[in-house]
Each structure stands twice: as structure tokens, then as C-alpha cells.
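Accompanying notes for the structure given below.
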């Protein structure tokens, strides 16, 4: 039953607001029917790397980026809920405990399998109706400094995560919507321990300190980040979640919470944005036809554009397959130098195509009218001929022409991408999902919204619009496919992936990762490690990373010996070390049930039964 909207004054005391929202049938049902058990989970160590054991399960499993979020999903599955039910609970807790990575103020891609069909649910943010391709240009027509654009109202897109989850829940949920919010509400109102990763993210962020809400909520009067272990309550978020639990997505997209969101964006003190109430109310989540690509003995299903993830991953894997087989792709438990060279060169070529062709399909036509042309075997064989004994080098990989006719798009210059979180879930009812969710940068636009509650805390707004190209045209004067346009969804690297056996059609794995554009490298390597090299999910996620976006090569700090650096440099790569903090989660179907892995570089865990 739909309940009437509630007017929430900015100055209502917490107890009054809570009493009104608890009186709503949805909120009351959540408290009465679902008995959430507050877990005794302490934050992990602050070492930066926490070795994970891998986890076995038989009936169901959930993998997420924070133990409190994983536990919330586990409790939903234990109560008979579906994978979608668990995903809603996980996302709401992540909004609270991992605000630097995702939340109700952002967007997500969700791949869902119901035992028969695979559906791609799109909750990617959209550009407001009041913007155009000059959004990130200054008065002289030059691109703004990237971080200046990020920490502003200009960067905030219309959030889509809640609308998307609501749509998926309507089709695949088993538990009442309101019950799924109980864990996050309880943790927000009763408190949770700040994790080492959240503390480190807060400590290193100067822009967040300047936000009038976040600056006083996450920092002491002396400007120090809240320490790890600090018991933090977020009453504003608790009240907001109560309203969304009762009202559905309209609780966020209309009414007082929406008014507050718009107010924060349009009244940014330096660079206000144009996001409006109409933009919020009119936002629609999308279902899209997934891209399912044959690879080896498998069918790999991923998200279509505006995600560039699946197409770029499968180009990389397809190019690797067209090179002579290596006798030893693994040496001493690490990818060999020869394999790394081929992987990096394949990535150069795939990212060159990505930069030219991939954007929102509602605004940009695929090469040759079909995205599958980018994965055509003959095209990949032709591209693979460019991979030789020496690197193409920075800027040496030009985009190909996968369509029958040349396109008019210019190549988009490289821009930073970061942030994000990943969730993989398999339930006991035959459902599985992979969901990658984001607010883009750490803490998004550095704008916190409290829903007009006047209480401490709230949630972070995204900066997804900086995933668009700042420049609308290339040096050749041609338009850039991923330029800013009103109503458009920015290109993403998010790569939620479901894998099936080609012969039987049975589910094999669910996986994905955060990490900006490097999501593509992390996920591609994990697929190869699990499905080609025979590593289990945890072993695959433990492997060190190597990344190039077409320029320099970055090897994970401390991940490879000096001889690997020297070998790659001798092959023409510009090599340096960098901290590459992925957040891979993976669930693999085994003969004994399920086996899950969580990235040792982050706080995630797997729980199952």
C-alpha cells in the first residue's frame, strides 16, 4: 500500500521525525517482520592489505566491500530473500559505511540472472536538462581543472541507484521493500565503527572538509578525520532511509529530500549546477539487452554501453586469444613478463577503440550499427597483428574501424576515473547478480545532503558528469562521442560480469571490481586467472595488477620483481609503480557448491551458507 508523503522540516527534532516515519506502514513492517541482528564486526587492520582466506558455501553467498554490508545481505538471504533483496540491503549499508565509494546519491549497473534469462538493469546517472557541451569549459573555452570540476555542483548527475533497485526488486524481490532498509537504518541510528579505510579516505581529502555538512560530520573541530573505531551515528541518513523505505524511490526523487538535493547543487558557493526537481522526478531506470560473448568454453555476459567495460574486456581477451599460446603465463605465482606485455598491448588497442566509439547508445550509434562489430573475430584478428615483440608505446595505438563505414567521432582525451564498489550475490532460488555501484570520485562531488532533516550526517552526491569528455570536439574538429548533452548518460568503465557454461548454460561465476578505468584490467585478468589458468576465486583476486590506458604502464607497488620492470622497459614500455587499489569480489560455482573471494586490498568479505 502506498502511504502519503511526509513533509520533513529542516528543523524537526530527530525524535519527532522518527516517530512520524515509524508510523508509516512500511517502516513499521520493517521493524516488526525482519529481526535484524546487529553484528559484532570490528574494523579490519589498517595495513592496506589484508590477506583473505576465500570462503566456501553450499546454498547462497554474498560478497561486498564492507563486512557490515556483506552481513546485511547475508541476513536477507538467510530470511529467504532473493539476490535482489540482498543487494538492496547491501547498497543501503554501503551508503552509510563506505560513503566514499557509492550510495543513494549515485548510480549503478546490475546484471541479473533468474535461472533462465539475463537482464541488464541500468541506474547510470543522467545529465540535467539544463546543461550542454560547454558544461566544463571556462570563459575562454578551455577545460576546467579536473578537481575544480569534480568538487562542484556542475559535476552532479541525476542519481539512479534507488530507482534501478526499485525496478529490479519489483520484478525479482521476495521480501517487502521496507524490510530491506532495516540493517542500514539500525546502523545509522545506533552507530557503527569507522573503518580504517574510511578514516584514511577522510584523512586524505581536503575538499570534503570544506563542505558545510560533511566538514562538521566527519571531522573534529580541529579538522582531524574521525579515527578508525570511532562509533559514528548518522541520524539524517537514518531518517532519509526510513522515508525511502516507506515511499519507494519517490521518497528520494520527489518531495523534501529531492528539494534539499537540488538546493545543495544549485547553491554550491563556487560552481553551482543546474540539476532540477524536474530532472529528479523524470529519471527512469533502464533495462537493456546484455552483451553475451562466447569466450573459450564460456559465455561471458556484461553490461552494454554506456558501459565500456564489457566491450573493452572482451576486446582484450579476444586479442590475447589471437596471439600464439604461451607455455607459462604464470611464473612463481605471478603473470609472466611475456603475458604482461601481450595483456598491456591488447589493452592499448582496446582503449583506443573505447576512446573513440563508446558512449550512451541513446545518443551515439554503434560502429556499423551494432556494438558486436567491435568484437568481430576478423576485426580482432586484424587488430592483433599490431601486437609485436615491442610495445606500441604511449599514444602508439590508434583506434581501428570496426564498422563498414568510417565514423565521424573524434578520440576523447584521457581523463581520471576512480571510486566505486562491487557486489556479487548468488541466492538459493536460482538467482545471481553482479552489481557495480558508484558515486565516481572518493566522496563524489564533496557535497553532502541531509534530506532537509536538519540532523547530523546525510549522504554524498555523485560527480558522475566528469565521466563525460570535458572537450566537446577533438583536435580534428569532429565531435567526441562521449561529450556532454542534456539527458545523456556518461560513459562508464563499470564491468559487472556473469559467466555461464557455453554448452549447459549453467552459471559459472559472478564478479566485478571498482577502480575507475582500471576496472577493465582488474576484471579481465580475474577472468583469465579463474577460467583459463585454473586459479580459485581468491587466488585470482590476489594476483598483482598491471595497467595501461594507452600511455605509461603502472605496475602494482610491490607486486612484481625488479626484473619484470626491466623486461617490460626493454620491450618499450614506460614503467613505474603505483598503488592500484582494486576491490574485486568474485563468486565461483564449484562441484561442492560456491567459493567466494574478496580483494585483499580492501575491507570486503564473503558470507554464505
Item checked: Whichever residue in the range 422-439 is touching a strand residue (DSSP E or B) at 6+ places or on another chain (Cβ under 8 Å) and more than 16 Å from residue 168 (Cα to Cα) and, among such residues, is surrounded by the most Cβ atoms within 10 Å (Cβ to Cβ) -> 422
Notebook entry, point to check: Among the residues of the range 224-237, is any touching a residue at least 40 places away in the same chain (Cβ under 8 Å) and over 21 Å from residue 65 (Cα atoms)?
Noted result: yes
Next item on the list: Identify, by number, the condition in (1) buried (at least 18 other Cβ atoms within 10 Å of the Cβ); (2) more than 30 Å from residue 93 (Cα to Cα); (3) modelled with pLDDT of 95 or more that residue 541 doesn't meet.
Entry: (2)
Note to self: Going by what's in this entry, would residue 509 be described as in a helix (DSSP H, G or I), in contact (Cβ under 8 Å) with a residue 12 or more places away in the chain and within 22 Å of the chain's Cα centre (by Cα)?
What the structure shows: no
Check: Condition test on residue 464, is it within 30 Å of residue 277 (Cβ to Cβ), modelled with pLDDT under 95 and crowded, with 24+ Cβ neighbours inside 10 Å?
Finding: no
Next item on the list: Among the numbered conditions (1) more than 13 Å from the chain's Cα centre (by Cα); (2) part of a loop (DSSP other than H, G, I, E, B), tell me where residue 499 comes up short.
Entry: (2)
Margin query: If residue 583 satisfies all but one of (1) closer than 21 Å to residue 50 by Cα; (2) touching a helix residue (DSSP H, G or I) at 6+ places or on another chain (Cβ under 6 Å), what's the number of the condition it fails?
Written below: (2)
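The values are calculated or read from the model by the stated rules, or taken from the named source; none is laboratory data. Please read these numbers as outputs of a predicted model, since none were measured by experiment. Note: ideal-geometry Cβ built from the backbone for every residue, glycine included; neighbour counts use all protein chains shown.
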